[in-house]
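Asker: Starting off with a structure, shown below.
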């Protein structure tokens with residue numbers, strides 16, 4: 001085959017097109033656009049769950065702190081996803097703060113008042129633990145499935 005042969009140029013152009021298409025496909029990233037409606041639905045379910053946790057308590061300040069942090073968590077994770085910021089920027093500081101508060105609680109055998117929700121019963125402390133874990137999760141939602149999981 002010579003360079004002037006049309007069959008040779010078709011083979012070269014076909015293989016060039018295939019390799020170009022493969023490299024474009026490999027380099028293409030599907031942009032994960034967060035849905036504001038999904039975030040609003042997840043926020044409403046999370047707030048409803050926090051309301052049920054705080055319903056029988058006499059401390060409205062704890063409830064207000066929980067609602068405010070849940071709203072801030074949803075807004076933060078939505079904005080981070082809109083700006084394509086990696087979640088590890090926020091995950092590590094949150095885990096360090098949570099670990100420090102947990103270590104202080106274990107060392108002194110008393111958790112801060114806003115964490116234990118004012119109750120000394122083990123059931124109330126477990127209830128508070130799950131509520132605070134749900135609030136921490138709102139800050140670390142990196143995709144739509146994590147927002148759906150927050151509703152569970």
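Asker: Condition first: modelled with pLDDT under 75 and within 27 Å of residue 80 (Cα to Cα). Now tell me which residues in segment 115-151 satisfy that. Steps first, please.
Answerer: Residues of segment 115-151 modelled with pLDDT under 75: 115-125.
Passing the criteria: only 115.
Asker: If you don't mind, there's one more thing I want to ask. Please verify whether segment 64-84 includes one or more residues that are without any contact (Cβ under 8 Å) to a residue 12 or more places away in the chain, under 19 Å from residue 124 (Cβ atoms) and outside any loop (DSSP other than H, G, I, E, B).
Answerer: yes
The values are calculated or read from the model by the stated rules, or taken from the named source; none is laboratory data. Computed from a prediction, not measured in an experiment: that's the story for all the values here. All Cβ positions, glycine included, derive from the backbone under ideal geometry; neighbour counts span all protein chains shown.
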